[in-house]
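Below: the structure, in structure tokens.
Nothing in this text is a laboratory measurement; each read-out follows from the coordinates by a stated rule. None of these values were measured; they are calculated from a predicted model. Because the Cβ atoms are built from the backbone with ideal geometry, glycine has one as well, and the counts that use them run over all protein chains shown.
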Amino acid sequence: MLAELRQKSQITIPKEIVAKLGLHEGDKLEVTEQDGAIFLMPVVVYPKKYVDELRGEIEEAKAKIASGKQPVFNSVDALFAKLEEN
């Protein structure tokens, strides 16, 4: 499919591709160049506050695992077996 470079370096992505990828107005796309080709990659941008909260939860979980306060399971089956005990 051809797309034409327009004023202000804008292009229109063909609607078949937009529909196939489930893109919507306002979605963010990462634009990169490699070996003379242009790539567009849909991305999700999260607010910094959300990322910081998630990072804190991960660090808390790591600390619990290291201290032995957080059980660690080798498989999903082992997790479900433990849940069924309670």
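Which of the pairs Lys8/Lys28; Lys20/Lys49; Lys62/Lys82; Lys20/Lys62 have their Cα atoms more than 29 Å apart in this structure? Don't jump to the answer; show the numbers that get you there.
Values: Lys8/Lys28 18 Å; Lys20/Lys49 32 Å; Lys62/Lys82 20 Å; Lys20/Lys62 39 Å.
As for pairs spanning more than 29 Å Cα to Cα, those are Lys20/Lys49; Lys20/Lys62.
Residue-wise, which Karplus ³J(HN,Hα) couplings in Hz belong to region 46-56, taking 6.51 cos²θ - 1.76 cosθ + 1.60, θ = phi - 60°, and x for glycine or proline?
9, x, 4, 4, 5, 5, 5, 5, 5, 4, x
How big is the dipole moment of the chain about its Cα centre under a simple scheme where the beta carbon of each Lys and Arg is +1, that of each Asp and Glu is -1, and everything else is neutral? Debye, nearest 20, please.
220 debye
Calculate, in nm to one decimal, what Val31 and Glu57 gain on full extension: separation in residues at 0.36 nm each, minus their alpha carbon distance.
Between Val31 and Glu57, full extension yields an extra 6.3 nm.
I need to check one value: relative contact order of region 1-70, counting alpha carbon pairs closer than 8 Å and at least 6 residues apart, in percent.
Details: 35 pairs, mean separation 10.5, N = 70.
Here the relative contact order equals 15 percent.
With only alpha-carbon atoms counted, please give the Rg and Dmax of the chain, in Å.
Considering the chain through its Cα atoms, Rg and Dmax are 22.3, 65 Å.
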